[in-house]
Amino acid sequence: DVNRAPYPYPTEEEDEEVPKSDEQRAQEMWELHKRRSDSQIVDLFQFQIRSELTCPVCSTVSVTFDPIMYLTLPVPKPPHSVSLTLVGSDFQPRHMQLEVDRGASIDQLETALWKYLGRSPTEKPSCFCFGDVCYGRIYKHFEPHNYVSEIRSTDNIFAFEVPLAPEVAVSDHTFVPLVYRKRTKPTMTSRETWQYDKLDQPRLVAVVRGARNCDVHQQLQDMATDLLKACAIPEPWSFEILTNLDIYGSRAGDLLPEDGQPFRAPSQLAIDFLEQADLLKEALPKASKTPAPGGTTLTACLQKGMEREVLAEADSVYCRKCKEHRCQSKKLDLWSLPPVLVVHLKRFGRERLDGPLVKIGCPVDFSLELDLKDYLCRKGVERTRYQLFGVVNHHGNVGGGHYTAHALVTPPSGPLELGDWFNFNDSIVSQASVEDLDKEAAYVLFFQQL
């Protein structure tokens with residue numbers, strides 16, 4: 001047992017009728033808490049928050065100083081729009097927000113995207129395909145006749161610009177998902193000779209009806225060389241083109257033959273880059289991480305969390321003076337600060353009590369440093385600045401998801417300034433940078449007091 005508090009634990013005394021200052025009451029409640037729970041966990045992570053309830057009828061004010069382990073903040077919901085990542089023919093992904101009518105079709109969404117870009121599909125034969133990307137694969141395709149209202153707030157929408165064959169109708173193409181990968185030796189015991197790490201988000205390839213294996217092989221070879229040239233990867237180049245992958249793209253697959261046999265569209269294709277894989281991963285253009293219109297910031301979440309709110313009837317509180325439950329107004333403020341601050345972004349919730357549980361997937365922009373002096377109601381607190389050193393990400397939705405993490409790894413006993421960012425994804429660990437921090441997937445943030 002890591003609890004240093006002696007047993008039996010004391011019970012709380014009801015002495016709210018005795019007038020005391022906030023300092024006295026907060027100190028008493030903290031000492032009472034430490035007599036029940038006293039450990040290194042308390043020393044590092046726990047702090048006090050001031051909770052004030054005001055009765056709307058008798059105006060009685062009740063103040064408590066509750067110990068908490070982490071700061072839970074609401075995420076303000078963005079206005080209705082379609083948040084998507086554009087993957088264009090220039091290999092440069094872009095986050096954007098398109099305001100379209102909820103009753104619009106996906107075909108109309110494509111028209112709005114072309115207009116937003118100031119381009120026309122006739123300039124260079126191509127089209128946009130829309131899909132929900134989850135776990136690095138296209139989980140769901142949206143057809144032109146589908147409606148924007150079918151896109152859920154939890155969907156991770158990508159708009160893929162797909163080149164088409166000249167003077168061939170869109171309907172005469174088959175669209176096949178494609179992944180860029182590198183292969184490495186397994187980091188854990190496995191029956192597989194290689195494990196495969198995806199270099200980037202998936203793509204789509206438009207294959208003309210009646211194409212042969214050699215035609216598709218040449219098409220993918222041209223895509224690979226165009227990508228390597230765009231990323232300025234020095235020659236010689238080496239890569240393999242594979243077919244018959246599993247839906248997750250985690251297994252080897254079969255080499256795509258260069259013969260004249262009719263091409264049979266698999267569930268997924270792959271281009272495995274060999275010696276240049278690490279260089280390519282570093283050189284691939286990254287999508288802008290600035291919050292798109294409709295996104296929010298950590299500061300806005302803090303302000304929202306500290307606003308005075310009127311409790312719903314289901315959360316009504318008993319008023320000792322009125323002798324009844326009242327929908328009281330509640331105000332939260334920070335009273336003290338811990339050495340290590342854990343911030344939990346409340347991305348899951350219900351719009352109404354009987355509504356479905358949904359995830360708020362809008363980006364939350366945050367900086368590496370955080371100053372909480374404006375959110376403290378207690379005077380004299382000196383160390384109010386924090387530095388970010390870890391982020392837990394949640395990818396997916398309410399029905400299922402995947403957790404990854406970004407962490408600042410430092411030398412033993414070294415300062416955070418000497419650390420490097422790394423991405424942790426199951427057994428795969430890769431070096432990252434500040435620009436790689438995922439503002440849309442960020443779920444739990446870790447800060448160290450300066």
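For region 235-264, the candidate set comprises residues that are modelled with pLDDT of 90 or more and aliphatic (A, V, I, L, M); within that set, the residue that is most open to solvent (accessible area, probe 1.4 Å) is Leu255. Selection of region 273-287 for residues being open to solvent by less than 40 Å² (accessible area, probe 1.4 Å), out of contact with any strand residue (DSSP E or B) (no Cβ under 7 Å at 6 or more places or on another chain) and not aliphatic (A, V, I, L, M) yields only Gln276. The set of residues from region 155-181 being open to solvent by 30 Å² or more (accessible area, probe 1.4 Å) and under 19 Å from the mean Cα position of the chain (by Cα) comprises just one member, Asn156. Pairs meeting the criteria (first residue in region 381-409 and over 25 Å from Gln448 (Cα atoms), second residue β-branched (Val, Ile, Thr) and crowded, with 18+ Cβ neighbours inside 10 Å, beta carbons under 6 Å, at least 6 apart or on different chains) are Asn397/Thr154. For region 275-288, taking the residues that are assigned to a loop (DSSP other than H, G, I, E, B) and either among the hydroxyl-bearing types (Ser, Thr, Tyr) or without any contact (Cβ under 8 Å) to a residue 40 or more places away in the chain (or both), the one that is farthest from Phe175 (Cα to Cα) is identified as Glu275.
If I go through region 117-136 residue by residue, how many of them are surrounded by 14 or more Cβ atoms within 10 Å (Cβ to Cβ) and either in contact with a Lys or Arg (Cβ under 7 Å, 6 or more places away or on another chain) or farther than 24 Å from Val208 by Cβ (or both)? Step through it out loud before you land on a result.
We begin by selecting, within region 117-136, every residue surrounded by 14 or more Cβ atoms within 10 Å (Cβ to Cβ); these are 117, 119, 121, 125-136.
Keeping just the survivors that are either in contact with a Lys or Arg (Cβ under 7 Å, 6 or more places away or on another chain) or farther than 24 Å from Val208 by Cβ (or both) gives 117, 131-136.
The qualifying residues number 7.
Mind listing whichever residues of region 388-415 are over 30 Å from Cys134 (Cβ atoms) and open to solvent by 30 Å² or more (accessible area, probe 1.4 Å)?
If we filter region 388-415 for residues that are over 30 Å from Cys134 (Cβ atoms), which is where we start, we get 410-415.
Once the filter is applied, which keeps residues that are over 30 Å from Cys134 (Cβ atoms) and open to solvent by 30 Å² or more (accessible area, probe 1.4 Å), region 388-415 yields Thr410, Pro411, Pro412, Ser413, Pro415.
Comparison of Leu357, Leu341 shows that the only residue that is modelled with pLDDT of 95 or more, of a type in the set (A, V, I, L, M, F, W, C) and touching a strand residue (DSSP E or B) at 6+ places or on another chain (Cβ under 8 Å) is Leu341. Apart from one condition, Glu309 fits all of (1) surrounded by fewer than 16 Cβ atoms within 10 Å (Cβ to Cβ); (2) modelled with pLDDT of 90 or more; (3) farther than 30 Å from Val205 by Cα; (4) not hydrophobic (A, V, I, L, M, F, W, C); the exception is (2).
Name the single residue, out of those in region 416-433 being of a type outside the set (Val, Ile, Thr) and assigned to a strand (DSSP E or B), that is most open to solvent (accessible area, probe 1.4 Å). Can you show your working first?
From region 416-433, those of a type outside the set (Val, Ile, Thr) are 416-427, 430-433; that's our starting set.
Imposing the further condition that a residue be assigned to a strand (DSSP E or B) reduces the set to 420-425, 430-431.
Working: Asp420: 77, Trp421: 21, Phe422: 54, Asn423: 32, Phe424: 73, Asn425: 55, Ser430: 27, Gln431: 113 Å².
This residue is Gln431.
Kindly list the number of the only condition in (1) in contact with a Gly (Cβ under 7 Å, 6 or more places away or on another chain); (2) surrounded by fewer than 18 Cβ atoms within 10 Å (Cβ to Cβ); (3) at pLDDT below 85 that fails for Tyr196. Every condition holds for Tyr196 apart from (2). The residue list Val63, Val100 contains one member that is surrounded by 13 or more Cβ atoms within 10 Å (Cβ to Cβ), outside any loop (DSSP other than H, G, I, E, B) and β-branched (Val, Ile, Thr), which is Val63. In region 97-121, the residues that are at pLDDT 90 or above reach residues that are open to solvent by less than 50 Å² (accessible area, probe 1.4 Å) and of a type in the set (Ser, Thr, Tyr) with C-beta atoms within less than 8 angstrom, at least six apart or across chains, in these pairs: Trp114/Ser120. Whether any residue in region 202-218 is of a type outside the set (A, V, I, L, M), surrounded by 15 or more Cβ atoms within 10 Å (Cβ to Cβ) and closer than 19 Å to Tyr135 by Cβ is what I want to check. Checked against the condition, which is being of a type outside the set (A, V, I, L, M), surrounded by 15 or more Cβ atoms within 10 Å (Cβ to Cβ) and closer than 19 Å to Tyr135 by Cβ, region 202-218 yields at least one hit.
When region 316-335 is filtered for residues that are part of a loop (DSSP other than H, G, I, E, B), open to solvent by less than 40 Å² (accessible area, probe 1.4 Å) and touching a helix residue (DSSP H, G or I) at 6+ places or on another chain (Cβ under 8 Å), only Trp335 remains.
Quick check: is even one residue across region 179-193 under 26 Å from Ala112 (Cβ atoms) and in contact with a Lys or Arg (Cβ under 9 Å, 6 or more places away or on another chain)? Walk me through it before giving the result.
Of all residues in region 179-193, those under 26 Å from Ala112 (Cβ atoms) come to none.
No, that holds for no residue.
Restrict the check to region 219-231 and report whether at least one residue is open to solvent by less than 80 Å² (accessible area, probe 1.4 Å), assigned to a loop (DSSP other than H, G, I, E, B) and not charged (D, E, K, R). Yes, because at least one residue in region 219-231 is open to solvent by less than 80 Å² (accessible area, probe 1.4 Å), assigned to a loop (DSSP other than H, G, I, E, B) and not charged (D, E, K, R). Screening Arg183, Arg152, Arg264, Arg251 for residues that are in contact (Cβ under 8 Å) with a residue 60 or more places away in the chain, among the charged types (D, E, K, R) and part of a loop (DSSP other than H, G, I, E, B) leaves exactly one candidate, Arg152.
The values are calculated or read from the model by the stated rules, or taken from the named source; none is laboratory data. Computed from a predicted model, the values in this text were never measured in an experiment. Here Cβ is always computed from backbone atoms with ideal geometry, including for glycine, and neighbour counts include all displayed protein chains. For the accessible areas, the whole protein counts, side chains as well, though only heavy atoms, and no ligand, DNA or RNA atoms are used. Shrake-Rupley method; radii C 1.70, N 1.55, O 1.52, S 1.80 Å.
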